[in-house]
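Q: Quick one: the structure is below, questions incoming.
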Amino acid sequence: MKKRGQVSLEFMLIFGMMLILLLYSVNNITFREGSTSTETLRIQISLEEKNLANAISNTISQVYAQGPGAKSTTYVRLTYLRDPEMLRKGLNINNASLFITYGNYSTEGNGTYITVTGTNVTAVLTGGDKNVFWSRGMYQAVLYTNSSVWAPSGSLTFGSSTVYGLSIDPATLPATLEIVVEWNPDNPNSWAFDSTTGELHININPGG
């Protein structure tokens, strides 16, 4: 039979361990800058950006490979990119906006660019501070120099250049984004996001 002193000591040890675990858990979910949870959230946002860029470029490539009159639809689940608070916590960005554009990437070819812009954000494509994600597509077009392609249209400064593209309020994004790409030779290149239907509609026109 244990003595009262032994029971109290064991209880204090268990209580102390539980308190340490509780403090660790609270610290882990506060999303303080530099904490494990903040880094994890930043990685999750980046992965979602890259996945979306891949989905768009792959769908464009499918349509381009099929030729005029082709049409293809892809659905992408969104979690972090549609939550302004998650973007603020994970990226330390206020007034966040999802920016999407299409064009060449040095000698790598052409493709979809995606980043999250906001107050005092500098676009970085390479290195440890990378916050722009690119995915190659078969369609050889540079569209980020044309402001009329995009609706809703926005722009960002990339180095010394002004780049045009879609500027989307994260709160208007659906849980499942419908990406519709078609090749209609009668219409110009266009990218339009409809927040009511949750659809990103893209028309490619290699001859236009």
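The values are calculated or read from the model by the stated rules, or taken from the named source; none is laboratory data. None of the values given here were measured: they were computed from a predicted structure. Cβ: placed from backbone, ideal geometry, glycine included. Neighbour counts: every protein chain shown. Note: accessible area is taken over every heavy atom of the protein model, side chains too, but ligands, DNA and RNA are not part of it. Shrake-Rupley method; radii C 1.70, N 1.55, O 1.52, S 1.80 Å.
Q: Among the residues of the stretch 27-73, write down those that are touching a Gly at 6+ places or on another chain (Cβ under 6 Å) and either at pLDDT 95 or above or over 18 Å from ASN131 (Cβ atoms) (or both).
A: Within the stretch 27-73, ILE45, SER57, ILE60, SER61 qualify.
Q: What number of residues in the stretch 132-166 are closer than 20 Å to PRO206 by Cβ and open to solvent by less than 60 Å² (accessible area, probe 1.4 Å)?
A: Qualifying residue count, the stretch 132-166: 9.
Q: Still on this structure, I have one more. Would you confirm, using the coordinates I've provided, whether GLU39 is assigned to a helix (DSSP H, G or I) and closer than 16 Å to ILE168 by Cα?
A: Values: assigned to a helix (DSSP H, G or I): yes; closer than 16 Å to ILE168 by Cα: no.
Answer is no for this residue.
Q: Since ASP129 meets every condition but one in (1) surrounded by fewer than 20 Cβ atoms within 10 Å (Cβ to Cβ); (2) assigned to a strand (DSSP E or B), which condition does it not meet?
A: (2)
Q: Identify the residue in the stretch 191-208 that is in a loop (DSSP other than H, G, I, E, B) and within 17 Å of the chain's Cα centre (by Cα) and, among all such residues, is surrounded by the most Cβ atoms within 10 Å (Cβ to Cβ).
A: GLY198
Q: Show the residue pairs that are 6+ apart or on different chains and have beta-carbon atoms under 6 Å apart, the first residue being within the stretch 179-208 and more than 18 Å from GLY165 (Cα to Cα), the second being among the small types (Gly, Ala, Ser) and surrounded by fewer than 17 Cβ atoms within 10 Å (Cβ to Cβ).
A: TRP183/ALA70
Q: Continuing with the same structure: Regarding the stretch 82-90, can at least one residue be identified that is at pLDDT below 95, of a type in the set (D, E, K, R), open to solvent by 60 Å² or more (accessible area, probe 1.4 Å) and under 29 Å from GLY207 (Cα atoms)?
A: no
Q: Please list, ordered by first then second residue, the pairs with beta carbon atoms under 6 Å, 6 or more apart or interchain, first in the stretch 91-106 and on the phi > 0 side of the Ramachandran plot, second assigned to a loop (DSSP other than H, G, I, E, B) and of a type in the set (S, T, N, Q).
A: ASN95/THR119
Q: Now for a separate question. For the stretch 55-72, what are the residues that are open to solvent by 50 Å² or more (accessible area, probe 1.4 Å) and within 19 Å of the chain's Cα centre (by Cα)?
A: ASN58
Q: Given (1) among the polar types (S, T, N, Q); (2) assigned to a loop (DSSP other than H, G, I, E, B); (3) without any contact (Cβ under 8 Å) to a residue 40 or more places away in the chain, identify the lone condition not met by SER155.
A: So the condition that SER155 fails would be (2).
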